[in-house]
Structure formats: C-alpha cells, structure tokens
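Encoded as structure tokens, the structure appears first; notes follow it.
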Amino acid sequence: MRAVVFAAGLGVLLSLLATPVFIRYLTRRQFGQFIRQDGPASHHVKRGTPTMGGVVIILAAVLAWLGGNVLVGRAPSASSLLVVFLMVGLGLVGFLDDAIKISRERSLGLKARWKFLGQGVVGLTFGVLALQFPDANGVTPASSAVSFLRDTNLDFAIWGPTVALIVFVIWSNLLITAWSNAVNLTDGLDGLASGTAVIFFAAYVLICLWQINQACGAPGAGSTCYEVRDPWDLAILAGAIAGSCLGFLWWNASPAKIFMGDTGSLALGGAIAGMTMVTRTELLGVIVGGLFVMVVASSVLQIGYFKLSGGKRLFKMAPLHHHFELMGWGEVTIVTRFWIIAAMFTGLGVGIFYAEWVASL
C-alpha cells in the first residue's frame with residue numbers, strides 16, 4: 001500500500017513542479033494552441049496557450065511508477081510495462097500531431113489516416129504482446145476472453161490459438177482507438193479531461209487493491225477470485241497516473257495555463273484501454289469511464305442524426321460540453337458538473353464491482 005501512496009504522491013509533486021517549468025519553455029518557443037474556427041467563439045481567447053502538456057503527465061507518471069517499485073524493491077511487471085508502452089506510444093503519436101499543429105500554425109495536425117496508422121501500430125504491438133509472458137500459474141497480462149468484472153465465457157480461444165490472437169488484436173485495437181478518441185474529444189474545456197482522468201484512475205487503484213486481496217491463489221480467496229497477473233504493480237501505476245493528472249490539473253484548471261494536447265489525451269486514452277484489459281474489466285471500464293463514453297457518444301449521435309435527417313442537428317454543437325456552452329453555461333460550471341457526473345459513473349462502476357463479489361459469496 002505504501003508503494004501506491006508514494007507513487008501517487010510523487011506523481012502529484014513531479015507534475016505540479018515540472019508543469020510551470022514546461023510552460024515557460026513552451027512560451028519562450030511560442031509553442032501555443034491553435035483554435036478551430038468552427039468552435040465556440042469564447043475559445044478564441046485561448047489561442048496561444050501552451051500545449052503538449054501531456055509530456056509532463058507521461059514523464060511524471062512513468063517516474064512515479066518506477067519510484068513506487070523501487071521503494072518496495074519490486075521489478076516492473078509485464079502487465080504494467082505493456083500499459084506504459086501503450087501510454088507512451090500513443091503519447092508519441094499525439095506529440096507528432098501537436099508538433100505539426102504548432103509548426104504549420106493550424107488547428108489540424110496529423111492527417112486522419114496517419115493518426116490511425118500510428119494508433120494501429122502501437123495497438124497491434126500491444127495486442128500481440130499482451131497474450132504472451134505467462135507467469136508461474138500460466139496467467140498472461142491480458143486474456144483472449146471478453147471481460148466484464150472478470151473474464152466471461154465469451155473466449156476467442158474456442159477457435160484455436162491463432163484465431164484467438166487475431167480476434168483479440170482486433171478487439172484490443174477497437175478499445176484502444178475508442179478510448180483514445182474519447183479522451184481526446186473530452187479534452188475540450190479547461191480541466192475537464194484531466195480531472196475526469198484523476199477520478200477514473202483513482203477508481204482503478206481501488207479495483208486493483210481489491211483484486212490483490214482476492215487474487216486466485218491468495219489465502220482465503222474463494223471461487224469468486226480474480227485471475228489477474230500483476231494487480232500490485234497495476235495499483236502502483238494507476239496511482240502514479242492519477243497523481244500526475246492531479247498535479248497537472250493545478251495548472252490546467254480554468255483559466256488554463258497549459259493544455260495537455262493530443263500528447264496527453266491519446267496517452268491517457270491508451271492507459272485507460274490498457275488498464276481495463278490487463279485487469280480483466282474491459283466492459284466495466286465503460287461504466288467507470290462513463291463521462292468519456294457520454295462525450296464520444298454525443299459526437300456519434302450528432303453525426304448520425306445530421307446524415308439521417310438531411311442536415312439537422314441533435315445538439316447545438318458536439319461534443320456535448322460545447323452544446324452547453326452555446327446554451328450559455330459558464331465553462332467552470334460545465335466542468336464542475338461533468339466532474340460530478342464522472343464521479344457518479346465511477347461510483348456506480350466500483351459499486352457494481354464490489355456488489356458482484358458480495359452477491360457471489
């Protein structure tokens with residue numbers, strides 16, 4: 001437990017202290033955000049705000065995670081290494097996207113096909129490696145089964161190992177793409193995505209700690225145990241990411257001194273996808289991260305309704321937070337209320353997780 005607390009605290013400290021240093025560096029280099037012309041008019045004043053703050057989140061989270069492991073003399077596990085690979089890999093794709101926006105002075109960065117290609121390469125590598133590295137009990141970081149609170153009976157392995165690997169790679173890439181784009185869309189108001197990420201990863205600290213106590217093979221664990229390869233290290237990593245986002249939020253809250261950019265949003269989306277897969281809670285993650293899902297669903301509904309209705313709009317603007325902006329809500333009001341919604345989704349998800357275990361005793 002002390003490693004988790006230490007990693008979270010170190011993540012807060014590192015990002016809290018490093019972010020203003022990074023802000024000064026970006027300001028000197030004039031690396032500022034460019035605002036899309038079709039967005040809310042109130043956002044035009046944000047033009048020039050330093051971006052790419054995700055660099056700080058990633059570095060602080062990785063260093064804090066390593067620090068937590070060093071504290072207890074533990075070597076990083078395969079599961080956490082894969083989640084970190086996913087976070088850093090997608091963060092690099094986002095960094096290239098942000099760099100192009102800055103260098104070409106426009107609000108559009110990488111072309112969609114190149115962004116999806118980058119996400120695909122990282123996701124493909126993760127998907128293949130996640131089914132390798134079995135521990136002494138034969139448990140791999142991820143499994144070929146679709147999971148909710150644990151692995152379900154829907155297991156791709158029934159079609160053989162080769163087909164299972166192919167289907168899992170496709171499934172994992174769908175999750176990675178969906179989560180990274182969900183966080184990217186949510187990152188539209190000061191502090192919205194970073195604050196919601198704090199809530200999500202704090203919840204996964206609790207989930208991982210519970211999985212440690214009820215891991216299959218642990219003393220007292222019954223038939224409702226959790227077959228997760230590395231819950232201890234995952235709890236440390238979740239704490240490190242939550243802490244890093246919290247420290248960054250100090251500077252990202254309205255009025256934001258820095259934005260996380262695609263560097264941060266894609267990295268956090270990758271970390272969310274990876275965390276749900278290696279903890280065997282892929283579908284539960286949809287509930288815990290319900291705010292992210294709600295935001296991306298609003299964009300999907302807007303596009304679908306626009307096409308089906310011949311040009312009519314379901315919302316004043318998508319994603320959903322921009323709809324409320326155009327209704328006259330203040331930015332701080334929207335963000336605060338969305339945080340409350342995020343906390344309610346998270347509480348529901350954690351409650352379901354615990355209630356299922358109690359009910360199955």
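The values are calculated or read from the model by the stated rules, or taken from the named source; none is laboratory data. Fair warning: this is a prediction, and the values are worked out from it, not measured in the lab. All Cβ positions, glycine included, derive from the backbone under ideal geometry; neighbour counts span all protein chains shown. For accessibility, only protein heavy atoms count, side chains too; no ligands or nucleic acids. Shrake-Rupley method; radii C 1.70, N 1.55, O 1.52, S 1.80 Å.
When we measure straight from the Cα of Lys111, which lysines land under 19 angstrom away, once same-chain ones fewer than 8 places off are left out?
Answer for Lys111, where 19 Å is the Cα cut-off: Lys101, listed by chain and number.
Need the list of aspartates and glutamates near Lys257 for cross-linking: C-alpha distance under 14 angstrom, and skip anything on the same chain fewer than eight residues off.
Of all the aspartates and glutamates, those that pass the test against Lys257 - Cα under 14 Å, at least 8 places apart if same chain - are Asp190.
Keeping all protein chains in place and using 1.4 angstrom, which order do Tyr354, Tyr204 fall into by accessible surface area, from largest down?
Sorted by accessible area, descending: Tyr354, Tyr204.
Looking only at Cβ-Cβ distances, which cysteines of the chain have no other cysteine closer than 4.7 Å?
Cys208, Cys245
Roughly how much of Cys216 is accessible, in Å² to the nearest 10, using a 1.4 Å probe?
Approximately 50 Å² of Cys216 is accessible to the 1.4 Å probe.
Using a 1.4 angstrom probe on heavy atoms only, work out the carbon and sulfur share of the accessible area of the chain in %. Walk me through the numbers on the way to the answer.
Values: 10810 of 15640 Å².
Here carbon and sulfur together make up 69 percent of the probe-accessible area.
Relative contact order for the chain: what is it in percent, counting Cα pairs under 8 Å that are at least 6 residues apart? Could you put the intermediate results ahead of the total?
Values: 632 pairs, mean separation 96.3, N = 361.
Here the relative contact order equals 27 percent.
How much solvent-accessible surface does Arg2 expose, in Å² to the nearest 10, with a 1.4 Å probe and all protein chains in place?
Around 150 Å² of this residue is reachable by solvent.
How much mean residue ellipticity at 222 nm does the chain get from its helices, if each DSSP H run of length 4 or more adds -39500 (n - 2.57) and you divide by all residues, to the nearest 500 deg cm²/dmol? Present the calculation step by step, with values, prior to reporting the outcome.
Details: 12 runs with 239 residues, N = 361.
Result for the chain: -23000 deg cm²/dmol, rounded to the nearest 500.
Which order do the peptides 168-181, 231-244 take when ranked by the mean count of other beta-carbon atoms within 10 Å per residue, highest first?
Numbers: 168-181: 20.5, 231-244: 30.0.
Highest-to-lowest ranking by the protection proxy: 231-244, 168-181.
If you count only protein heavy atoms with a 1.4 Å probe, what accessible area per residue comes out for the range 209-301, rounded to a whole Å²? Mind dumping the intermediate values first?
Details: 2530 Å² over 93 residues.
Accessible surface, normalised per residue, equals 27 Å².
Taking the alpha-carbon centroid of each part, what is the distance from the range 229-258 to the range 125-147 in angstrom?
26 Å
In the chain, if the dipole is taken from +1 on Lys/Arg beta carbons and -1 on Asp/Glu beta carbons about the Cα centre, which of Ser15, Asn181, Phe95 is farthest to the positive end?
It is Phe95, whose Cα lies furthest towards the positive end.
Which value, in Å² rounded to 10, gives the accessible area of Asp262 with a 1.4 Å probe and all protein chains present?
Estimated to the nearest 10 Å², Asp262 gives 10 Å².
With every protein chain kept in the model, how would you rank Thr19, Thr152, Thr27 by accessible area, 1.4 Å probe, largest at the top?
Final ranking, largest accessible area leading: Thr27, Thr152, Thr19.
Which entry in (1) 0.95; (2) 0.97; (3) 1.00 is this structure's computed Rg/Rh (Cα atoms, Kirkwood Rh)?
Checking each listed value against the structure points to (2).
Magnitude of the Cβ-charge dipole of the range 156-263, K/R +1 and D/E -1, about the Cα centre, nearest 20 debye?
For the range 156-263, the charge dipole is close to 60 debye.
Any idea of the accessible area per residue across the range 118-170, 1.4 Å probe, to the nearest Å²? Working shown, then result.
Working: 2640 Å² over 53 residues.
Value returned for the range 118-170: 50 Å² of accessible area per residue.
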